């Protein structure tokens, strides 16, 4: 199977979670370029090339999104993303500690590709990232 190296944007404010994603990518030998934003506002600026941020090029085909962030929550970010004619087709996977039914419903109503609860153990997290890697390699993007 041919590897699809698409850009991935991680929107996460917790530096430990960012480090865990990086470690899980390395452990799974995932070579996709990984970009980081600390909140929804920064992520939108990186996707659009505004507010003194260099635009990610090519645009990410996958976003890994936390919900509980300062300045702009994950749900607020999703609402803005889905309104944008250029960005609305990006696949978004929510990766959060929020097991709140309202958050899950809001996320799925905004067309997320998946809602993943952050596992407590690093081993489970590595497994979850491995499954995501297999998934996006199988999916055909527009």
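A few remarks follow.
- Out of 110, 132, 87, sole residue that is closer than 27 Å to residue 49 by Cβ, surrounded by 12 or more Cβ atoms within 10 Å (Cβ to Cβ) and at pLDDT below 85: 132
- Matching residues, the stretch 65-74, being surrounded by fewer than 22 Cβ atoms within 10 Å (Cβ to Cβ), in contact with a helix residue (DSSP H, G or I) (Cβ under 9 Å, 6 or more places away or on another chain) and at negative phi: 68, 72, 73
Conditions (1) farther than 24 Å from residue 128 by Cα; (2) surrounded by fewer than 16 Cβ atoms within 10 Å (Cβ to Cβ); (3) over 15 Å from the mean Cα position of the chain (by Cα); (4) free of Cβ contacts under 8 Å to residues at least 12 places away in the same chain, marked per residue:
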site	(1), (2), (3), (4)
22	no, yes, no, no
26	no, yes, yes, yes
44	yes, no, no, no
47	yes, no, no, no
61	no, no, no, no
91	no, no, no, no
101	no, yes, yes, yes
105	no, yes, yes, yes
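The values are calculated or read from the model by the stated rules, or taken from the named source; none is laboratory data. In this text the structure is predicted, and so the values were computed from the model without any measurement. Using ideal geometry, Cβ is built from the backbone for each residue, glycine included, and neighbour counts are taken over all protein chains shown.
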